[in-house]
Amino acid sequence: MNSKITIPITIAISVMVTIGIMSSVAFDNQPQITQTPTTEIVHVDKTISEFFGGTNDIKKISSQEELKDIIETSALFGGNFYDNRMFRASMAVEESVMMFDGDGGDAMVAAPTASMGKVRSGGSEYSTTNVQVEDVDEPDYLKNDSKYVYIVSQNTLSIIDAYPAESARLVLKIALDIESQYIQNMFLNEDRLVIFYNGHSDEEIIPQYDFIPRRSYSSVTHALIADVSDKENPTIVKDYSIDGHFMDARMVGNYAYFVTNSNVDHQYPRLPVIMEDSVRIMTPDAFYFDSIEQFSNFNTLTAIDIFGDKINSESFLMGYSGTFYVSKDNFYLTYQQDMPLGFYENSSRDRFFGVVVPLLPNGIQEQIREIQGDSTINVTTQWIKISELMQKSYDQMDKDDKGKLFEMIREALNEYDFKVQEDSRKTIIHKISIDEDKIEYVAKGSVPGRLLNQFSMDESGDRFRIATTAEYYIQHEGTIRANGVYVLDEQLNVVGELGEIAPDESIFSARFIGDRLYLVTFQQIDPFFVIDLSSDTPKILGELKIPGFSNYLHPYDENHIIGFGRDTKATDNGRVQQLGIKIALFNVEDVNNPKVSDDVVIGDSSTHSEALHNHKAFFFDKKSGILSIPISGDAGSLQAVSSAKMFAPEYNRWSGFYTFDVSDEKGFDIKGTVTHSDDDSRYYGMNNARTFHIDEILYTASEGYLKMNSIESLDGVNSIKLGNTGKFIEYIDEEIMR
């Protein structure tokens with residue numbers, strides 16, 4: 001199509017004042033809660049084109065030429081041009097991987113259970129990755145079955161024969177001959193691994209206003225399927241590549257579903273493609289939405305059968321998608337709405353004539369409308385006449401009357417600005433049904449505010465529930481913050497809501513369990529809310545206020561919730577001081593009066609745990625009552641809790657795992673610690689810390705070690721060093737790489 005449209009854009013005279021408010025406490029990996037962005041009021045005439053009519057319907061992109069026209073039209077809404085391509089003189093390009101961390105819940109207890117794998121000479125019971133939704137696996141760098149442990153690190157794959165623990169050994173450590181040097185995501189299903197990594201495609205193009213062709217490197221995601229039935233000789237059976245950065249993935253049954261995100265190249269827009277072993281096998285159907293937004297990215301959802309040849313994929317032109325919720329039947333993609341602030345009459349002109357003028361004295365209103373309707377003078381001259389008229393009127397008014405008028409106008413403008421921001425600052429939700437290789441778009445919806453993470457969402461029957469924090473800047477009042485819970489139907493229409501939860505606070509953690517939502521907000525104290533979701537009208541059942549905050553909530557049983565976060569205390573100057581890691585057991589048997597059955601604080605402000613921002617590092621096994629948490633911190637602050645060797649001498653830091661016996665009657669009883677600080681004074685840190693069990697052995701993994709200890713006594717059984725060994729690494733040969 002060659003049709004074009006022109007959308008005139010008028011930048012308003014006034015710009016809203018930007019105010020930055022400093023937070024009273026700096027929290028690592030917390031949502032930004034006190035940042036007011038610079039806001040520019042823009043007026044855009046709503047010219048209707050053949051692509052955008054404002055229906056919000058999903059439309060298929062029929063060709064590459066139509067894609068270019070859609071992109072050009074969409075770009076006019078914002079006036080932005082962003083070219084994300086990288087031009088390098090060398091082919092040796094190192095790609096950094098975009099990571100996704102999330103934390104939260106599904107119906108009843110969606111905690112990790114002792115999953116049973118394919119019958120083999122392994123343990124009878126074992127745990128797997130801590131996931132949000134039961135039977136919906138999430139990718140991780142470590143996967144295990146009842147006998148073997150698989151670890152990807154940088155560009156290496158290690159396979160460990162881990163059971164029985166006494167004879168555990170490293171079977172194979174090989175380097176994958178790939179571009180990426182930072183693999184972090186894979187699935188394990190029987191004897192198949194699915195390994196995701198980021199790479200590059202390259203082509204020659206002429207940059208805008210240049211004349212010399214240059215190499216352009218675009219991000220692609222590889223999904224590598226490996227057969228590991230022969231542990232000493234794994235083979236690559238499929239190597240798919242899909243345009244875009246890897247965002248996140250889930251596995252349901254034998255199908256892996258994953259999302260890739262590729263920035264739209266405004267100069268050379270093209271539809272995403274899928275390749276297998278460097279051969280193009282399909283161009284996914286691509287869609288856009290008939291809504292006035294700035295389409296900045298292609299989000300491609302791909303389904304692959306890891307035991308067969310079936311593959312399907314669809315691409316959606318939308319905003320930058322970053323948070324996902326996945327049930328066994330549906331994939332929900334969400335993003336913050338990106339649209340021109342002011343498109344819906346939100347401009348200084350509309351503000352003035354729609355809000356200010358109707359509140360002025362009647363005589364002044366009539367004169368202003370006469371000036372506005374005079375087509376013989378330009379807009380600038382009109383405003384000069386109007387401002388002179390208003391100033392003359394103000395000079396003749398009594399001081400008190402003028403003050404009352406200004407106050408009335410301010411209140412009306414605040415109400416108007418609040419409504420405009422509420423309409424424009426929303427979370428967009430896209431619902432896509434999944435059934436093996438079938439992918440079908442279902443609906444689009446929106447709610448006010450922003451998401452914290454994946455645990456802020458949940459599906460229950462035909463209802464989708466979501467919790468958000470909304471922040472609005474109101475002139476003369478500053479930032480207004482509140483939280484809300486919304487219930488949406490099958491077509492993502494809002495059918496129920498509960499707003500104004502904990503004003504001036506932000507959501508720090510959420511967990512949906514059956515007909516309840518457990519919600520933690522924080523600013524100065526930690527309100528823990530129990531919210532009823534048994535109907536489409538959410539309501540607060542109970543509330544508890546305690547010092548500190550919880551980053552992550554994990555179900556213990558139907559009457560108890562484990563909270564994991566930090567302790568805090570208020571200082572004399574009104575600020576909040578961050579203290580040690582805090583674990584709390586909330587008793588919600590009396591929903592109207594929740595209470596803390598027990599809590600424990602580990603270390604001080606120097607203490608850190610990956611589980612604060614990554615739920616996969618959190619381990620709890622209800623059957624054995626074992627809780628295992630990765631901890632690192634200054635040795636002095638930790639010595640009082642454990643008799644273990646608490647530090648590597650050179651760094652005076654300790655890293656390892658704290659383990660507790662947990663019961664609803666006694667709360668937390670520390671069993672001991674498993675030290676991962678290196679004896680040769682090397683401090684590895686505790687990123688990528690994981691815990692799992694096979695039968696009566698507790699396995700703890702860090703960057704340096706895989707350690708095996710008795711669950712009952714924590715006595716050491718075996719240990720395998722995972723760090724650099726100084727030995728040769730066997731590369732996969734050419735035949736295996738096909």
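Read-outs: derived from the displayed coordinates by stated rules, not from any lab. None of the values given here were measured: they were computed from a predicted structure. FYI the Cβ positions are ideal-geometry reconstructions off the backbone, even for glycines, and counts take in every protein chain you see.
Worth a mention:
- Candidate cross-link partners of K392 among the lysines, defined by an alpha-carbon separation under 20 Å and a same-chain spacing of 8 or more, comprise K402, K404.
- FRET E, pair N687, S663, Förster distance 35 Å, beta-carbon r, rounded to 0.05: 0.70
- For the stretch 136-283, the Cβ-based charge dipole about the Cα centre amounts to some 100 debye (Lys, Arg positive; Asp, Glu negative; other atoms uncharged).
- Spatially proximal lysines relative to K595 (Cα-Cα < 16 Å; intrachain offsets below 8 disregarded): K545, K582, K666
- Take each peptide in 136-143, 535-542, 612-619, count the other Cβ atoms within 10 Å of every residue, and average; sorted highest first, the result is 612-619, 136-143, 535-542.
- Estimated FRET transfer efficiency (Q365, Y268; beta-carbon r; R0 45 Å; 0.05): 0.30
- Top positive-direction residue, dipole computed over the stretch 348-421 with Cβ charges, set Q391, P358, Q421: Q421
- From most to least packed by mean Cβ count within 10 Å, the peptides 348-355, 380-387, 563-570 give 563-570, 348-355, 380-387.
- Modelled FRET efficiency - R0 25 Å, N592 with K623, Cβ distances, 0.05 increments: 0.25
- Of the peptides 153-165, 358-370, the order by per-residue mean of other Cβ atoms within 10 Å, starting with the highest, comes out as 153-165, 358-370.
- Gained length - V355 relative to D604, 0.36 nm times residue gap less alpha-carbon distance: 84.4 nm
- 12 Å cut-off, amide nitrogen to a point 7 angstrom out along E477 Cα→Cβ, residues in the stretch 413-445: 413-422
- The lysines whose alpha-carbon is closer than 30 Å to the alpha-carbon of K438, local same-chain residues fewer than 8 away aside, are K59, K60, K68, K118, K143, K238, K310, K328, K426, K616.
- Annotation: extensible slack from S433 through I281 equals 52.4 nm (criterion: 0.36 nm per residue apart, minus Cα-Cα distance).
- Point-to-point label distance, M390-Q372, nm (Cα→Cβ direction, 7 Å offset): 1.2 nm
- For the stretch 351-417 versus the stretch 593-627, the spacing of their alpha-carbon centroids is 59 Å.
- When every Cα-Cα distance of the stretch 348-421 is counted in 10 angstrom steps from zero, the calculated P(r) takes the values 17, 48, 30, 5 percent.
- Point-charge dipole on Cβ atoms (K/R +1, D/E -1) for the stretch 348-421, about Cα centre, debye to 20: 160 debye
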